[in-house]
1. Taking 1 over the mean of 1/r across every pair of different Cα atoms in the stretch 70-176, what Kirkwood radius in Å do you get?
2. Given the DSSP H assignment, sum -39500 (n - 2.57) over each helix run of at least 4 residues in the chain and divide by its residue total; what's the result at 222 nm in deg cm²/dmol, nearest 500?
3. Which lysines, on any chain, are close to LYS196 with Cα under 20 Å apart, when same-chain ones fewer than 8 places away are left out?
4. Evaluated at 25 °C with a viscosity of 0.890 mPa s, what Stokes-Einstein diffusion coefficient in µm²/s does the stretch 143-204 have when Rh comes from the Kirkwood expression over alpha-carbon pairs?
5. If packing is taken as the average count of other Cβ atoms within 10 Å, what order do 121-127, 3-9 fall into, highest mean first?
6. Using semi-axes √(5λ) of the Cα gyration tensor in Å as the read-out, say which of [x] 34, 18, 14; [y] 28, 20, 13; [z] 31, 20, 15 was calculated from these coordinates.
7. Using 7 Å Cα-to-Cβ label points, what is the ASP86/ARG125 separation (nm, one decimal)?
8. When DSSP assigns beta bridges and you keep just the ones with both residues in the stretch 70-176, what percent turn out antiparallel, to the nearest 5?
Amino acid sequence: MLVVSVPFSLAELWLAPKLAKLLEFFPHIAFDIRVEDDPIDLARQNIDLRISYGEYHYPALKVVPLMHDAVLPMCAPTFWQTHGNDAFNLADIHESQFIHTNWGPHYVSHPTWADWFSQIGSSRRVDPSQGRRVGLSSLAVSSARLGLGIALGQKTVALGDLEAGRLISLSSVSVPLGHPYCAFIPRSKSEREDIKQLVDLLSDSPGL
């Protein structure tokens, strides 16, 4: 049994596709995916691998940086056909059409629309109270896919939808998150082949 603990926003759109690839290497593996916020007690809950935002949560465990994500504007193609413009100028979009992610108190370093507009040299400030607010970054991506507005979505979370054309990127300008996502592994389990393979599948730099 492989027990993996993961934050809510990464579980469905990022971790699940990686587990599908893991089955190619271990077709009969049993796993238990636990979706929860930090902090958790890996020893008490018998967790083999924890994925967290930031490298500072569990200093006694082996830490493997997985990826440093970034956010960029995205929406459904049909939404842009209806509400967009030929110049792909987000400054002309009404503020009610923007999706805002409420990252929560543990993720204050995550970027906002104000950060993105600042990155492109614009002073525009989009009022979250006039737009569409959601409580998970994965929900922001799903909301954009369903045509509810323009999300500042995580590239890693939205990758499958972007590649399939269910979402389109509205700019090449992205804003990096404040910290990387990391895997935390009890040292006594770090040499297990299933754990090593999963870490390779999750990592931007396999083989660490």
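1. One over the average 1/r among Cα pairs gives 13.5 Å for the stretch 70-176.
2. After summing the helix terms and dividing by the residues of the chain, the value is -7000 deg cm²/dmol.
3. Once the sequence-local lysines are set aside, what remains near LYS196 is LYS18, LYS21, LYS62.
4. 170 µm²/s
5. Packing proxy ranking, top to bottom: 3-9, 121-127.
6. Answer by label: [x].
7. About 3.4 nm, to one decimal.
8. So the antiparallel bridges in the stretch 70-176 amount to around 60 percent.
A short reminder: the numbers here are calculations on the coordinates, not readings from a lab. Everything numeric in this text was worked out from a predicted model, so none of it was measured. Glycine gets a Cβ as well: all are built from the backbone with ideal geometry, and neighbour counts include every protein chain shown.
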